[in-house]
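Comments concern the structure below.
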């Protein structure tokens, strides 16, 4: 229960090819991009990725690191469909398990509670059952006799999430208006690694926002990484919004060119490359 601070490099050194990896955030919001960039600097591949996808999925897909993706969507929000994800899917680069957002949430909840599945109404009467022939239904044993989708637990070997503030023990606070499913990702995984804008003393966590925003509990967190601007180019409300200009550049640039310029070095090199690009764009 002591100090859990780590570097991004130490986090990704614990990840292995073939793992099931959860990534928090939502679309192009609140993504642990510094950890994703660190992962891309390793040789880890053949991943099953569980994510409400954004550029995290796009980059890992473009780099050929995904074996299967479990998702409800992959979007850049202001750009409806993540282009590098789309290109990878069009060439059949990995398998896809696409489910309803409600099913996704309850799959995480089932895993967090160490249950094999959760009964949900989401998915009934839709093509979700057709495109996922492995899904089963269950009937309530009570008088109602209602039929539900038996959503399998989304258990993960590891999860990566990003929050505004955390302490060295692994407690984390969501300062923005939406926690997405970050707390569930941590609870549903065997190991959870949290990057944050700033590490603060435990007492300070209660000063910036109401107690109910203290969503990440130390018991569910394995490691904490201080990563200022670590969600870039996605948003981390209220600290900063999405970098729309850079996101448009990412979406319109061929992957080899983007990776060569922005992902060839460490996180400091990434920030320097973004600064250089911005200065060029303003000329």
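Taking N as the residue count of the stretch 190-283, its C-alpha radius of gyration divided by 2.2 N^0.38 Å amounts to 1.34. Using the Cβ-Cβ distance between residue 142 and residue 276 with R0 set to 45 Å, the FRET efficiency from 1/(1 + (r/R0)^6) comes to roughly 0.10. Centre-to-centre separation between the Cα atoms of the stretch 132-174 and those of the stretch 98-114: 3 Å. With neighbour counts taken as other beta-carbon atoms within 10 Å, the residues 97, 202 rank, fewest first, as 202, 97. Within the chain, the proportion of C-alpha pairs whose separation exceeds 29 Å stands at 32%. Sorted fewest first by neighbouring Cβ atoms within 10 angstrom, 217, 4 come out as 217, 4.
In this calculation the C-beta distance from residue 127 to residue 5 is compared with R0 = 51 Å, giving a FRET efficiency of 0.65.
On the principal axes of its alpha carbon atoms, the stretch 116-167 extends 48, 28, 19 Å, with the longest extent given first. A quarter of the convex hull surface defined by the alpha-carbon atoms of the stretch 127-266 gives 13.0 nm² as the mean projection.
Ordered by the count of other Cβ atoms within 10 Å of each Cβ, fewest first, 185, 246, 104 give 246, 104, 185. Hull volume per residue, based on the alpha-carbon atoms of the stretch 231-283 and their convex hull, is 83 Å³.
Inter-part distance, the stretch 1-34 to the stretch 205-270, computed on C-alpha centroids, equals 11 Å. The mean sequence separation of alpha-carbon pairs under 8 Å and at least six residues apart, normalised by the residue count of the stretch 8-112, gives a relative contact order of 23 percent. Cβ-Cβ distance of residue 41 and residue 257, R₀ of 25 Å, FRET efficiency by 1/(1 + (r/R0)^6): the value works out to about 0.90. Scattering from the stretch 77-206 was approximated by placing one identical point on each alpha carbon and applying the Debye formula without solvent; log10 I(q)/I(0) at 0.12, 0.17, 0.18 1/Å stands at -0.64, -1.05, -1.10. Looking at the stretch 9-115, the pairs of alpha carbons with a distance over 23 Å make up 22% of the total. Restricting attention to the stretch 131-283, close to 40% of DSSP beta bridges with both partner residues there are antiparallel. The DSSP beta bridges internal to the chain are antiparallel in roughly 30% of cases.
Every number in this text was worked out from the coordinates using simple rules, so none of it is lab data. Only a predicted model underlies this, so the values are computations on that prediction, with no experimental measurement involved. Cβ: placed from backbone, ideal geometry, glycine included. Neighbour counts: every protein chain shown.
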